[in-house]
Amino acid sequence: LMGLPGLALLLAVGLLHTQASPSAHSFQLDYEHDCFRKDGSPFRYISGSIHYARVPRPAWKDRLLKMYMSGLSAVQVYVPWNYHETLPGVYDFTGNRDVEAFLDLTAELGLLVILRPGPYICAEWEMGGLPAWLLWKPDIILRSSDPAYLAAVDSWLRILLPKIKPHLYQHGGNIISVQVENEYGSYYACDYGYLQHLLGSFRALLGSEVLLFTTDSTRAEELRCGTLQGLYATVDFGPGANMTEAFGAQRRVEPKGPLVNSEYYTGWLDYWGEAHASTSTAWVAQGLEDMLQLGANINMQVVSWQRAQPAGEYMFHGGTNFAYWSGADYKDQYKPVTTSYDYDAPLSEAGDPSEKLFAIRTVISKFQPLPVGPMPPATPKYAYGWVALRKYADLLDVLDVLCPSGPIQSQFPLTFEAIKQVHGFVVYHTQLPRDVPDPATLGAPPHSICDRGYVMLQKEYQGTLERDGQTTLHVTGRAGDTLDVLLENMGRISFGANTSDFKGLLGNLSLNSSPLSNWLIYPLAIDTAVQQGWPHTALPKSSSGGRVGPAFYTGTFETPGIAWDTFVKFPGWSKGLLWINGFNLGRYWPCRGPQQTLFVPGSVLHADRPNNITVLELEGAPLNPLLLFLDQPLFNRTLGRST
């Protein structure tokens with residue numbers, strides 16, 4: 001499934017393969033008694049999903065402790081390949097990306113781990129966790145036996161899995177099982193050679209004792225393509241499913257062994273422009289109780305009920321799609337995921353226990369003892385109030401800072417991948433080839449605006465072109481007038497057949513059907529500049545007073561000596577991104593909704609000095625550019641989380 005943050009209760013009712021004399025540390029399948037065996041004794045886990053990449057490192061311990069105090073015995077954890085291998089051969093396991101430190105914390109708190117290292121994870125994460133640089137080879141066939149793809153996978157696994165091996169339960173760690181790939185049965189390729197290759201790599205790098213498993217929906221076709229001899233087959237489904245039928249589907253591929261629901265959907269994600277999703281607490285709790293009565297092993301996650309084909313990871317705690325990490329779905333049209341990955345999960349985006357969490361905790365208490373002690377409280381929030389910003393500069397006036405290497409010349413537009421731009425923005429610049437006294441149609445071929453294009457003529461904003469939306473504008477001008485299109489990548493598709501989601505201008509723009517040529521292409525490194533202190537450390541610019549079109553706004557605010565979590569609202573703003581103290585908090589888009597506020601973790605704030613705010617507004621700022629800091633989130637313009 002896709003990665004969703006909700007209750008990812010891993011239902012595992014089986015035992016590991018029984019051996020004559022289990023070692024002191026063993027986790028095995030017992031096919032005879034249909035259960036797992038941990039250190040030789042029957043074992044059933046109740047697990048919840050958490051994505052460390054969506055939670056700031058200073059909050060890891062708080063979230064994990066709340067999961068432990070909810071009665072969970074394990075957590076399920078994805079490893080996003082693209083979060084760690086940012087460019088080919090360039091690895092980052094520091095700070096928020098220190099997966100081993102996260103695993104150490106889980107062990108310290110007494111939680112077992114079900115690890116899902118991919119290489120594909122879905123998770124509504126950018127490109128399902130696959131690195132966009134794979135698309136630098138445009139004809140690559142992802143998630144298949146394509147030699148180019150396998151070479152990249154092998155190189156990555158040789159870096160990742162040796163880090164994981166010491167954390168395996170058999171080696172004194174707390175990882176009891178490892179998933180291979182993710183819902184592969186839902187992918188069109190159905191390439192058994194690929195799964196066999198992964199099985200060989202995982203065994204070679206992790207050893208012969210670790211329990212390896214797959215997860216797929218209960219559909220027969222998906223179980224046929226997603227399972228393989230040597231990998232224990234588990235299923236996923238939500239509270240609305242007929243459990244007898246659902247586990248019957250698992251039994252058709254695994255006649256013996258524990259019953260496991262690897263993704264029990266406790267909530268669902270939000271898409272921009274759709275209603276805020278919520279899932280009934282009573283429904284989730286009853287479904288969980290029914291599964292536990294069957295003796296199943298469960299992982300709780302968040303998922304969508306509406307989708308024709310499940311595609312998500314289901315979360316106990318969802319967190320936030322900071323920066324550019326949110327993915328997208330494609331169901332008849334491109335559907336980008338919101339910045340908030342709250343998921344209506346038992347633990348909110350800010351890590352607060354919900355009514356759903358306490359209902360789940362009550363259910364769990366009927367089957368096993370709860371840890372002694374109180375549930376840790378919600379994190380403190382603070383409403384820092386109104387903060388005034390000022391316009392710093394129009395984006396087109398600071399290209400020298402944002403693209404210090406200068407533009408790339410090309411007869412026709414090039415994709416992000418062709419110029420090795422992974423995330424963010426690219427400016428495409430050309431000139432009108434002739435006078436256009438009467439309104440002419442500036443247009444793009446179908447599906448070639450990926451994903452939004454902000455059009456400026458003579459540096460004046462004309463409007464926006466959008467994937468699966470408006471793809472034409474009417475313009476007038478003179479020969480030689482400058483035409484600039486700022487292209488925004490809204491997140492690569494994370495589920496389905498079309499994960500090769502190229503970005504930028506995929507086809508040529510035309511004027512009254514006559515193709516435009518002679519482009520200058522500027523890949524923008526906005527985050528690099530902002531992280532280095534720009535524009536706060538730069539000399540003031542004399543910017544135009546205009547409020548429309550892509551522009552940067554800056555401001556500062558001080559806290560009353562505390563750095564608590566907060567939520568920022570954008571009254572009158574259109575769409576853009578927010579940085580505080582150089583940290584990219586993600587996209588805001590209040591006019592499209594449902595999300596109206598961005599979560600600001602207290603860990604990014606300074607308690608003892610001014611906090612620098614940078615906003616990139618893409619379409620139009622309010623006449624009086626203000627931000628409002630609140631102590632609770634807004635969805636659908638309604639205070640609080642849905643219940």
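The values are calculated or read from the model by the stated rules, or taken from the named source; none is laboratory data. Everything numeric here is computed off the predicted structure, so don't read it as measured data. Please note: Cβ atoms are built from the backbone with ideal geometry, for glycine as well, and neighbour counts cover all protein chains shown. We work out accessible area using only protein heavy atoms, side chains counted, and drop any ligands, DNA or RNA first. Shrake-Rupley method; radii C 1.70, N 1.55, O 1.52, S 1.80 Å.
Within the chain, the cysteines lacking any other cysteine Cβ closer than 4.7 Å to their own Cβ are Cys35, Cys122, Cys403, Cys450, Cys591. Our helix-only sum for the chain, with -39,500 (n - 2.57) per DSSP H run of n ≥ 4 divided by its residues, gives a mean residue ellipticity at 222 nm of -5000 deg cm²/dmol. Beta bridges per DSSP, both residues in the chain: antiparallel share near 75 percent. Within segment 541-643, the trypsin sites (Lys or Arg not before Pro) that combine a DSSP coil assignment with at most 11 other C-beta atoms in a 10 angstrom radius are Arg637. Dimensions of the chain from C-alpha coordinates, computed as largest minus smallest value along each principal axis and given longest first, are 84, 56, 39 Å.
Charge dipole of segment 405-524 (Cα centre as origin; +1 on each Lys and Arg Cβ, -1 on each Asp and Glu Cβ, all else neutral): 200 debye, rounded to the nearest 20. Listed peptides 196-202, 25-31 appear in the order 25-31, 196-202 once ranked by packing, highest mean of other Cβ atoms within 10 Å at the front.
Within segment 40-366, the proportion of C-alpha pairs whose separation exceeds 28 Å stands at 35%. For a straight C-alpha distance cut-off of 13 angstrom, the aspartates and glutamates reachable from Lys256 (same-chain residues fewer than eight places away being disregarded) are Asp30, Glu32, Asp34.
Computed with a 1.4 Å probe over protein heavy atoms only, the accessible surface of the chain comes to 34 Å² per residue. So what's the gap between the Cα centers of segment 531-589 and segment 244-262, to the nearest angstrom? Between the Cα centres of segment 531-589 and segment 244-262 lies a distance of 51 Å. Amide H contacts of Gly477: Val436, each under 5 Å away and 5 or more positions distant or on a separate chain (H built 1.01 Å from N in the peptide plane; Pro and chain starts excluded). When restricted to Cα atoms, segment 58-186 yields an Rg and a Dmax of 15.4, 48 Å, respectively. Near Ile562: Cβ cut-off under 15 Å, other residues only, Lys/Arg at +1 and Asp/Glu at -1. The net charge is -2. Find which of Ala563, Ser603, Leu623 sits farthest along the positive direction of the dipole of segment 543-643, computed with +1 on the beta-carbon of Lys and Arg, -1 on that of Asp and Glu, about the Cα centre. Towards the positive end, the residue furthest out is Leu623.
Indicate the gyration tensor shape class of segment 399-486 (rounded, prolate or oblate), computed on the Cα atoms with a ≥ b ≥ c the square roots of the eigenvalues: a/c under 1.5 is rounded; otherwise a/b larger than b/c is prolate and the rest oblate.
It comes out oblate by the Cα gyration axes.
What a 1.4 Å probe finds exposed on the chain is 52% carbon and sulfur by accessible area, rounded to a whole percent. In terms of its C-alpha gyration tensor, segment 520-643 has an oblate overall shape, because the principal axis ratio a/c (a ≥ b ≥ c, square roots of the eigenvalues) is not below 1.5 and a/b does not outweigh b/c.
Note on Lys569: lysines with a C-alpha under 27 Å away, same-chain residues under 8 apart excluded, are Lys335, Lys356, Lys381, Lys391, Lys541.
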